Structures are given as structure tokens and as C-alpha cells.
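To start, the structure itself, in C-alpha cells.
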Amino acid sequence: MNLSLKIKVCALLAVALYIPSNVFAWGITGHRVVGKVAEYYLSAKARKAVKGILGNEDMAMASNWMDFIKSDTSFNYLNSWHYVNLAAGLDQNGVFGYLDSFNEASLYSKIPEQIAVLKNEKSSAGQKLMALRILIHLMGDLHQPMHTARKEDLGGNKVNVTWFGQRSNLHRVWDEGLVDYQQLSYTEYATAINHPAKEQLSKWKAGTLKDYIYESYVACNKIYAFTKAEDKLSYNYNFEFVGLLNEQLLKGGIRLAVVLNDIYR
């Protein structure tokens, strides 16, 4: 490899390492789990419509498009869509009031926009494909608690910790560390967690986008309360939070199906 090429490769690696991880929620496996779970709950009409848009690309594979497209800088405008920043110490009314006054591009504003594109009969096939891929991804992001976290620490990206002895940060632990620690493929993971109680299923299918954001915010507060900068996280952290992790992944998939079933009822 000549010197010029080495310099270019190093520069690209530096850029890749610099990109804040708050735009890569759940990591590849987590997003695919959400997409796979959603497939179990699709109505016949929704399944047919999704197939008509995605073709041979299933929802699990489509779920990571929004992260993969980061390699194309012309799509940088999507970066802020992955999360919504919320201040600490808000109650439900505080969160709802903040969302009502919030006018920046975020998952709160962009999820309804994708739904509108998919409902619009005049939308082109290309527009529907992009909207569906984005919707699948954002419904996953919505249920990653650190995507409803604090602006001042970039959703936990500035909260440095170690994960089984390796330098990391709070956001990355929730994006990838906890999910990958389970050592399951996305299909195994979806099957393992897809056992909601009847009452849970009924409760999770109800609610609004605001309700879902507030739930993730409450989960985020639990994480902040338990985890401090420079904490050494390992077995006990997994024991403490694997239940919440699995519940958020399962909720994300079920609610994604609810949204799609409503679009194509």
C-alpha cells in the first residue's frame, strides 16, 4: 500500500471512529430483533403491503438501512432523526409539554412523517421504500432508552465506562454491549423474547407516540440513576438490566407492527 493510500485509509478510519454512536441505536443485531419480532404480529394486509414495498428484503434486513446509509454524506440530514433529547427531572406532563414545543427534526417529528408517506397513495415506490426503511429503524431507536436521553452528554456518549474491561461509554453499552453479550443471532433473540403475557401485549399495543417516548425516558432515568461515569460494568450490570433490555426490544417490534397494521388496515 503506497503512502497516499495509507493516509486516505487512516483518515477514513478516523472519521468512522469519530461519528457519535448515538446515530447507531441497538447496533445491527438489536434492530434486526425489532424487525423480526414485528413480522410475527403483522396482519395479512400489512404483511402483503410490506412485501410489496420491500420485495425480497425482509423487515429485519431493512431495519439497518438508516445506519448503513451513514456512509453516504448526502444523507447526513438524517442524523438527528434517530433520537430526541430530553432534559432531566421531567414528569409525564413535562415530557409531553416539551414534545409539544419541540420543533427540531427528531424521531418524534419524523415517525409521523414516514407514516404519512406510506399512507399517501400518490407516494412513489421509491418514496415508500425509503419511508418504510426509516420507520422500521426509528421505531427501534424509539425503544433504545438512551435515545431519549440528555443533550449535554450526547445521550450517554460522554459517560465513559468500561464494559468487561474494555473502554466504552454508556450509550454504546446499550446500543451493542448488552445485546451482543447475550450471544444470540437476531432470529434466536426474537424467538427467545417473544413471549409477552396477554396483559402486556394489550398494554403495549395501546398508547401514543408520546406515551412510548415517555416510557423510554423513564427507562433512561433508571439507567442514569444506576450508572455513573467510570463505572466498571460487567456481569452484574447485565443481570440488572437484561430484563429491561429484552422488554424494550420486544415492545419495539410489537409497536412497529401496530403502526404498520394501522397504516394498512
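The values are calculated or read from the model by the stated rules, or taken from the named source; none is laboratory data. None of these values were measured; they are calculated from a predicted model. Positions of Cβ are backbone-derived with ideal geometry, glycine not excepted, and every protein chain shown enters the neighbour counts.
Can you pull out the residues in the stretch 153-175 that are outside any loop (DSSP other than H, G, I, E, B) and touching a strand residue (DSSP E or B) at 6+ places or on another chain (Cβ under 9 Å)?
Taking the stretch 153-175 and keeping what is outside any loop (DSSP other than H, G, I, E, B), we get 160-163, 166-175.
Answer for the stretch 153-175, where residues must be outside any loop (DSSP other than H, G, I, E, B) and touching a strand residue (DSSP E or B) at 6+ places or on another chain (Cβ under 9 Å): 160, 161, 162, 163, 167, 168, 169, 170, 172, 173.
Of the residues in the stretch 219-255, how many are among the hydrophobic types (A, V, I, L, M, F, W, C) and crowded, with 16+ Cβ neighbours inside 10 Å? Write out each step before concluding.
Filtering the stretch 219-255 for residues among the hydrophobic types (A, V, I, L, M, F, W, C) gives 219-220, 223, 225-226, 229, 233, 239, 241-242, 244-245, 249-250, 254.
Checking the rest, the ones that are also crowded, with 16+ Cβ neighbours inside 10 Å come to 219-220, 223, 233, 241, 245, 249-250, 254.
So the count comes out to 9.
Determine whether the stretch 174-184 contains at least one residue that is over 27 Å from residue 61 (Cα atoms) and either buried (at least 20 other Cβ atoms within 10 Å of the Cβ) or modelled with pLDDT of 95 or more (or both).
No, that holds for no residue.
Kindly check whether there is at least one residue in the stretch 197-205 that is out of contact with any helix residue (DSSP H, G or I) (no Cβ under 7 Å at 6 or more places or on another chain), surrounded by fewer than 14 Cβ atoms within 10 Å (Cβ to Cβ) and acidic (Asp, Glu).
The answer is yes, given that some residue of the stretch 197-205 is out of contact with any helix residue (DSSP H, G or I) (no Cβ under 7 Å at 6 or more places or on another chain), surrounded by fewer than 14 Cβ atoms within 10 Å (Cβ to Cβ) and acidic (Asp, Glu).
Which of the residues belonging to the stretch 48-84 are without any contact (Cβ under 8 Å) to a residue 24 or more places away in the chain, small (Gly, Ala, Ser) and not in a loop (DSSP other than H, G, I, E, B)?
52, 71, 74
Check the stretch 209-224 and report whether any residue there is in a loop (DSSP other than H, G, I, E, B) and within 19 Å of the chain's Cα centre (by Cα).
No, the stretch 209-224 contains no residue that is in a loop (DSSP other than H, G, I, E, B) and within 19 Å of the chain's Cα centre (by Cα).
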